[in-house]
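Visitor: My questions all concern the structure below.
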């Protein structure tokens, strides 16, 4: 792949495309800021999607449409018919609709919720499309550009699931690449699977003085959480279990009728995830039953509901998509690191489609907070890396 990429970069048209990326860097950053300033909370990505569709069309992508779940799709036609290469970034953020999404400058940094994750990925998609369009580069294979919905937690990968579902535009894809966040070195080749649960404990409730001694759902849930924290979890392959949120009750002078906790289990192994889930359910049932047995009148019940399931998967390191990503990373002067994470690439990996996720260049920090920041240091190299990867996977048609 390294030799092939060197040959591709010797092509005068590719050198013009590289110049286009460098010359358009200010536009890329401006589009990153523009899109970040449009709220895209879970399940409400429509406004950002509409603007992304306008920009995708303006940058030369053809047949820009919005599919049934809200993904924005644009196409580059290939000189040959065949399976498309899919290049994606996600529209959604973790932030609620009332979160201020202003972007401000502090020195050489841009600060704003979602400015890197995934405002950067969306901007890189547009920059690659612009470079192809401005220089007239023709690719052998068709390319599908996808701005997906629902990548973040509560979205449960709903956009990419639809993309690769029975009627999705990505069915039969030759490869899938997601541009997510900043950075130049990481290449995600292993998808961390997850299962998310809501534990709800219910009881009769009552007055904190008159009915003292009745079963208390919060007491039972607290004891349960303590036992979950003490579980001996699998280590090979690793499994994790995180109690991420909890709550309950209506008043400080009342025994609550309900208490709840939300739990996130993760592993690269589906078998390990099943072991963790089995341990979680057994611990919850026994702990709540014990709490009920020691309370006046018993009266506790518990439910464990599944909030979301993300499949795990992996792309072999000798696959074309990984070899191309490694070559593209080295071409911008960085030694790549293969890693695991939970991204849109999980779904195609689980379906057996070669897939990887990579950063879009630049530097970033404090992701998933309102103080998230991005610095455009080596930002253009992130666009070049994505361009090189696409040229390797889709193939360049000979020409002048």
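The values are calculated or read from the model by the stated rules, or taken from the named source; none is laboratory data. A quick note: this is a predicted structure, and the numbers were derived from the prediction, not measured. Ideal geometry is used to build each Cβ from the backbone, glycine not excepted, and the neighbour counts take in all protein chains shown.
Visitor: Among the residues of the range 41-62 satisfying the criterion of being assigned to a loop (DSSP other than H, G, I, E, B) and in contact with a helix residue (DSSP H, G or I) (Cβ under 6 Å, 6 or more places away or on another chain), which is modelled with the lowest pLDDT?
Guide: Filtering first and then ranking leaves 42.
Visitor: Suppose the filter is in a helix (DSSP H, G or I) and not assigned by TED's automatic domain parsing to the domain that holds residue 368; does residue 266 pass it?
Guide: In short, no.
Visitor: If residue 82 passes every condition in (1) touching a helix residue (DSSP H, G or I) at 6+ places or on another chain (Cβ under 8 Å); (2) more than 16 Å from residue 38 (Cβ to Cβ) but one, which one does it miss?
Guide: Failing condition for residue 82: (1).
Visitor: What is the one condition in (1) at pLDDT 95 or above; (2) outside any loop (DSSP other than H, G, I, E, B); (3) closer than 30 Å to residue 368 by Cα that residue 150 does not satisfy?
Guide: Only one criterion in (1) at pLDDT 95 or above; (2) outside any loop (DSSP other than H, G, I, E, B); (3) closer than 30 Å to residue 368 by Cα is unmet by residue 150, namely (2).
Visitor: Under the condition of being over 16 Å from the mean Cα position of the chain (by Cα) and outside any strand (DSSP E or B), which residue from the range 80-96 is surrounded by the most Cβ atoms within 10 Å (Cβ to Cβ)?
Guide: Per the criteria, the residue is 84.
Visitor: Is it the case that the range 222-236 has a residue that's modelled with pLDDT of 95 or more, farther than 30 Å from residue 363 by Cα, in a strand (DSSP E or B) and more than 24 Å from the chain's Cα centre (by Cα)?
Guide: Yes - at least one qualifying residue is present in the range 222-236.
Each row is one residue, and each column tells you yes or no for (1) in contact (Cβ under 8 Å) with a residue 60 or more places away in the chain; (2) touching a strand residue (DSSP E or B) at 6+ places or on another chain (Cβ under 8 Å).
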{"position": "196", "(1), (2)": "yes, yes"}
{"position": "201", "(1), (2)": "yes, yes"}
{"position": "210", "(1), (2)": "no, no"}
{"position": "219", "(1), (2)": "yes, no"}
{"position": "228", "(1), (2)": "no, yes"}
{"position": "247", "(1), (2)": "no, yes"}
{"position": "258", "(1), (2)": "no, yes"}
{"position": "263", "(1), (2)": "yes, yes"}
{"position": "268", "(1), (2)": "yes, yes"}
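Visitor: Right, next: Can you name the residue in the range 68-79 that is in contact with a strand residue (DSSP E or B) (Cβ under 6 Å, 6 or more places away or on another chain) and in a loop (DSSP other than H, G, I, E, B) and, of all such residues, is modelled with the lowest pLDDT?
Guide: 78
Visitor: Would you check if there is a residue in the range 181-190 being at pLDDT 95 or above, over 20 Å from residue 352 (Cα atoms) and either not in a loop (DSSP other than H, G, I, E, B) or not assigned by TED's automatic domain parsing to the domain that holds residue 328 (or both)?
Guide: Yes; the residues of the range 181-190 include at least one that is at pLDDT 95 or above, over 20 Å from residue 352 (Cα atoms) and either not in a loop (DSSP other than H, G, I, E, B) or not assigned by TED's automatic domain parsing to the domain that holds residue 328 (or both).
Visitor: Right, here's the next one. For the range 315-336, check the following and say yes or no: at least one residue is part of a strand (DSSP E or B), surrounded by fewer than 24 Cβ atoms within 10 Å (Cβ to Cβ) and not assigned by TED's automatic domain parsing to the domain that holds residue 270. I'd like the intermediate steps shown before the answer.
Guide: Looking only at the range 315-336, we keep the residues that are part of a strand (DSSP E or B), and these are none.
So far as the range 315-336 goes, no, none of its residues is part of a strand (DSSP E or B), surrounded by fewer than 24 Cβ atoms within 10 Å (Cβ to Cβ) and not assigned by TED's automatic domain parsing to the domain that holds residue 270.
Visitor: I would also like to ask the following. From the list 65, 27, 99, exactly one residue is in a helix (DSSP H, G or I) and either outside the structural domain of residue 369 (by TED's automatic domain parsing) or over 19 Å from the mean Cα position of the chain (by Cα) (or both). Which is it?
Guide: Matching residue, one of 65, 27, 99: 27.
Visitor: On to the next question. What's the total number of residues in the range 249-301 that are over 23 Å from residue 153 (Cβ atoms), crowded, with 21+ Cβ neighbours inside 10 Å and within 33 Å of the chain's Cα centre (by Cα)?
Guide: 0
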